[in-house]
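Before any comments, here is the structure.
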Amino acid sequence: MTPDEHQRVIDELQSVIDDTQHTIDRFEATGMEEQMPEDYEKLLDILDDAVKQQREHVMAMLG
């Protein structure tokens, strides 16, 4: 991938990270993490995966 392609993926992943974090914040603010623990775990998994992928693209772009 070119640096521009990596940057585009990094930017898209940042959107996923931001949106997912916003949803997690709403879950926590309303107590939904206790009412829907499986969905809450899925959100945490999505966030973790997006951060890992973003880190990989940053490292590839820098390397």
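What the table shows:
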read-out	value
The chain - charge dipole about Cα centre, Lys and Arg +1 at Cβ, Asp and Glu -1, debye rounded to 20	260
The chain, Cα convex hull volume normalised per residue, Å³	59
Acute angle (nearest 10 degrees) that the helix 37-62 long axis makes with the longest principal axis of the chain, alpha-carbon atoms	10
1.4 Å probe accessible area per residue over the chain, in Å²	74
Selected from Met36, Ile24, Gln14, residue furthest toward positive end of dipole (the chain; charges at beta carbon)	Gln14
The chain: angle of helix 3-30 to the longest principal axis, Cα-based, in degrees nearest 10	10
Percent carbon-and-sulfur accessible area, the chain, ignoring ligands, DNA and RNA, probe 1.4 Å	51
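The values are calculated or read from the model by the stated rules, or taken from the named source; none is laboratory data. Note that the structure is predicted; figures quoted are calculated from it, not measured. Note that each Cβ is placed from the backbone with ideal geometry, even for glycine, and that neighbours are counted across all protein chains shown. Note: areas computed on protein heavy atoms with side chains; ligands, DNA, RNA excluded. Shrake-Rupley method; radii C 1.70, N 1.55, O 1.52, S 1.80 Å.
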